[in-house]
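Below is one structure; the comments refer to it alone.
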Amino acid sequence: METAGKINQLKIESVKDTLALVDHDSLQKARHILATHRTINLFSLANITFIAEEFVYKMRHIGNPVIIYPKATKLNNHTPIYLP
């Protein structure tokens, strides 16, 4: 039970640390953008495309469609990824 308590305490500290880093104004701006746009276009580099795909997965759960443009170096020269 001691291990479970330590894991629980670590999770609590992690949430508190994350909350301390959140800027209220930036969070409200992001919320407004998500609420007022029908589709999110996400541009990513090859080495962080997996993070973009995780974002798509989370946004799908709240009903916001996202299109990923991987390896986008020029805005007019890209191939989108549509994840189901």
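The values are calculated or read from the model by the stated rules, or taken from the named source; none is laboratory data. All of these numbers come straight from a predicted model, not from anything done at the bench. Cβ atoms come from the backbone with ideal geometry, glycine included; neighbour counts cover every protein chain shown. Side chains included, ligands, DNA and RNA excluded: accessible areas come from the protein's heavy atoms. Shrake-Rupley method; radii C 1.70, N 1.55, O 1.52, S 1.80 Å.
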| said: Of everything in the range 42-62, what is among the aliphatic types (A, V, I, L, M) and out of contact with any Ser or Thr (no Cβ under 8 Å at 6 or more places or on another chain)? Give them in sequence order. | reply: Leu42, Leu45, Ala46, Ile48, Val56, Met59, Ile62
| request: Report, by residue number, each residue of the range 60-70 that is out of contact with any helix residue (DSSP H, G or I) (no Cβ under 8 Å at 6 or more places or on another chain) and open to solvent by less than 70 Å² (accessible area, probe 1.4 Å). | output: Gly63, Ile67, Tyr69
